[in-house]
Amino acid sequence: MKKYRLLFVVFASLLLFAGCKNEKQNNTKPETVETEVDYATLPAKQLEVLALENDGEAAYYLGRMYDYGLNDVTQNFADSFKWYEISSNLGSPQGDLYLGYSYLNGSGCEVDLDSAKACFQKAIDGGCKEGYVGLARCILATNDTEQYQTACEYLETAYNYNLLDGYFFMGYFHEKGIGMDVDMEKAKECYELVLQNATDDVNDQFAINSANTRLGYIYANGLLGEEDGKKAVSYLKEAAEHDFAEANYYLGMMYLRGVSVDKNADKALDYFEEAAKKDYAPALSQIAYIYFKGYGVDVDYTQAVYYEKLAAAQGYAPSQINLGYLYENGIGVDKNLETALAYYKLAAENNYEGAGEAVTRVETQLSK
């Protein structure tokens, strides 16, 4: 009996000890389980709170939101630049990359190619290989032909990393013969690679829309052999449906000239106006041309001058020389040779054909 009683006491003591242990464990704070944050789904206010708590990724996504006007946020390049800069300072390679593009494109800041290059290199050093495309684009922006081979090497690296922007710009360099021989077949192959690997990510939309636009242009102009208007319109409309200004412009040109489609001035104007919403200078100039000639609308020289001024303000040389002509001859404006000369000189600085002769002609008139 004593033996069993002893065992019972020991067993009870063990239960009591276990209960005390469980009680102690229940009084301890539970461990915090960290979960991965999906920044793309967070609202702007929450991203801002995280960014101000030194979260570089949150700052990058907030910058992206203002850059593209996402999630009911009004597009604002000054704000996107601010948050990209904060993101970069907090060590985000994506922030470095898009701060570089802000400097390259002058989005929310002055164009600064040296700062752009520094940002792209910092992005690469941080593991963001998209920076190679940015470095190539910086060289392209300088028009430094001696550096084109280096740009090609950057793009080849990006291409080998299977980056959509790498595919696109490699195709563009082949199409235009930048640092290499013109090769339309290779250009087509690169553009098709973009479309085959397309994603819904907003950062990939430029490459996708650009690839569709360039393929449309190639087929519309028969650069692979015969023209194929059906394919051209199909590719261009795919990009135009995403409000891509260049695609809308080319569709407008096709309808204005009747290239692979029936001539239709009304449709042409519609497409040009869509592109003009993005301040696309060539489209603004074509709207001016439509009013100047009266294609599908009443001739309106005042409107022609208005749209040419919008395009010329962006440094678009064809509009600068057109304005020179309008002021030289007093069409839609009072005749003013000094103003005409100023516009002709701007076009000449941009190496526009015929601008030099126009400068000489007006200077001769003024000297008399």
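The values are calculated or read from the model by the stated rules, or taken from the named source; none is laboratory data. This is a predicted model, so every value here is computed, not measured. No Cβ is skipped: glycine too gets one built from the backbone with ideal geometry, and neighbour counts run over all protein chains shown. Just so you know, the surface numbers come from the protein's heavy atoms only, side chains and all, with ligands and any DNA or RNA stripped out. Shrake-Rupley method; radii C 1.70, N 1.55, O 1.52, S 1.80 Å.
Applying the criterion of at least 3 residues that are over 26 Å from Ala40 (Cα atoms) and touching a His at 6+ places or on another chain (Cβ under 7 Å) to the helices (runs of 4 or more DSSP H) found wholly in segment 143-230 leaves 184-196. Of the residues making up segment 89-121, those that are out of contact with any Ser or Thr (no Cβ under 7 Å at 6 or more places or on another chain), of a type in the set (D, E, K, R) and in a helix (DSSP H, G or I) are Asp114, Lys117. Reported count of residues in segment 178-191, each being under 12 Å from Arg214 (Cα atoms), aliphatic (A, V, I, L, M), open to solvent by 30 Å² or more (accessible area, probe 1.4 Å) and free of Cβ contacts under 8 Å to residues at least 40 places away in the same chain, is 0. Of all the numbered requirements in (1) part of a helix (DSSP H, G or I); (2) more than 19 Å from Tyr60 (Cα to Cα); (3) open to solvent by 50 Å² or more (accessible area, probe 1.4 Å), Ile86 misses one, and that requirement is (2). Among the residues making up segment 304-338, those that are of a type in the set (A, V, I, L, M, F, W, C) and under 24 Å from the mean Cα position of the chain (by Cα) are Leu310, Ala311, Ala312, Ala313, Ala317.
Table: residues versus (1) closer than 30 Å to Tyr255 by Cβ; (2) modelled with pLDDT of 95 or more; (3) open to solvent by less than 60 Å² (accessible area, probe 1.4 Å); (4) touching a Ser or Thr at 6+ places or on another chain (Cβ under 9 Å).
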residue: Ile139; (1), (2), (3), (4): no, yes, yes, yes
residue: Ala151; (1), (2), (3), (4): no, yes, yes, no
residue: Asn160; (1), (2), (3), (4): no, yes, no, no
residue: Lys176; (1), (2), (3), (4): yes, yes, no, no
residue: Ala207; (1), (2), (3), (4): yes, yes, yes, no
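Set side by side, the residues Gly216, Gly225 differ, and just one is modelled with pLDDT under 95 and either on the phi > 0 side of the Ramachandran plot or open to solvent by less than 40 Å² (accessible area, probe 1.4 Å) (or both), which is Gly225. Please indicate, with yes or no, whether at least one residue in segment 123-133 is crowded, with 16+ Cβ neighbours inside 10 Å, basic (Lys, Arg), modelled with pLDDT of 95 or more and part of a helix (DSSP H, G or I). No, segment 123-133 has no match at all. Scanning for something under 15 Å from Val202 (Cα atoms) and either small (Gly, Ala, Ser) or open to solvent by less than 40 Å² (accessible area, probe 1.4 Å) (or both), does segment 42-58 turn up at least one residue? Scanning segment 42-58 turns up no residue that is under 15 Å from Val202 (Cα atoms) and either small (Gly, Ala, Ser) or open to solvent by less than 40 Å² (accessible area, probe 1.4 Å) (or both). Consider Ala247 carefully, then state whether it is in a helix (DSSP H, G or I) and more than 30 Å from Asn203 (Cα to Cα). So Ala247 fails the test. When you scan segment 278-293, do you find a residue that is under 20 Å from Phe244 (Cβ atoms), charged (D, E, K, R) and open to solvent by 20 Å² or more (accessible area, probe 1.4 Å), even just one? Checking segment 278-293: at least one residue is under 20 Å from Phe244 (Cβ atoms), charged (D, E, K, R) and open to solvent by 20 Å² or more (accessible area, probe 1.4 Å). Is it true that Lys278 is of a type in the set (Lys, Arg) and within 29 Å of Asp334 (Cβ to Cβ)? Criteria not met by Lys278.
Restricting to helices (runs of 4 or more DSSP H) lying wholly in segment 264-335: which have 3 or more residues that are hydrophobic (A, V, I, L, M, F, W, C) and over 22 Å from Val362 (Cβ atoms)?
Working: elements: 265-276, 281-293, 301-312, 317-329.
Where helices (runs of 4 or more DSSP H) fall fully within segment 264-335 and carry at least 3 residues being hydrophobic (A, V, I, L, M, F, W, C) and over 22 Å from Val362 (Cβ atoms), they are 265-276, 281-293.
Scanning segment 294-324 for residues that are among the charged types (D, E, K, R) and open to solvent by 30 Å² or more (accessible area, probe 1.4 Å) turns up Asp298, Asp300, Lys309. So if I check each of Gly63, Gly69, which one is without any contact (Cβ under 8 Å) to a residue 24 or more places away in the chain, of a type outside the set (A, V, I, L, M) and open to solvent by less than 40 Å² (accessible area, probe 1.4 Å)? Just one listed residue meets the conditions, Gly69.
Restricting segment 232-277 to residues that are of a type in the set (D, E, K, R) and under 16 Å from Tyr291 (Cα atoms), which is most open to solvent (accessible area, probe 1.4 Å)? So that I can check it myself, show each step before the final result.
Taking segment 232-277 and keeping what is of a type in the set (D, E, K, R), we get 237-238, 241, 243, 246, 257, 262-263, 266-267, 270, 273-274, 277.
Adding the requirement that they be under 16 Å from Tyr291 (Cα atoms) leaves 257, 266-267, 270, 273.
Values: Arg257: 153, Asp266: 93, Lys267: 91, Asp270: 88, Glu273: 70 Å².
Among them, the one singled out is Arg257.
Cβ separations smaller than 9 Å between residues 6+ apart or across chains give the following pairs from segment 332-345 residues that are acidic (Asp, Glu) and modelled with pLDDT of 95 or more to residues that are buried (at least 16 other Cβ atoms within 10 Å of the Cβ) and in a helix (DSSP H, G or I): Asp334/Tyr327; Glu338/Tyr327; Glu338/Val362.
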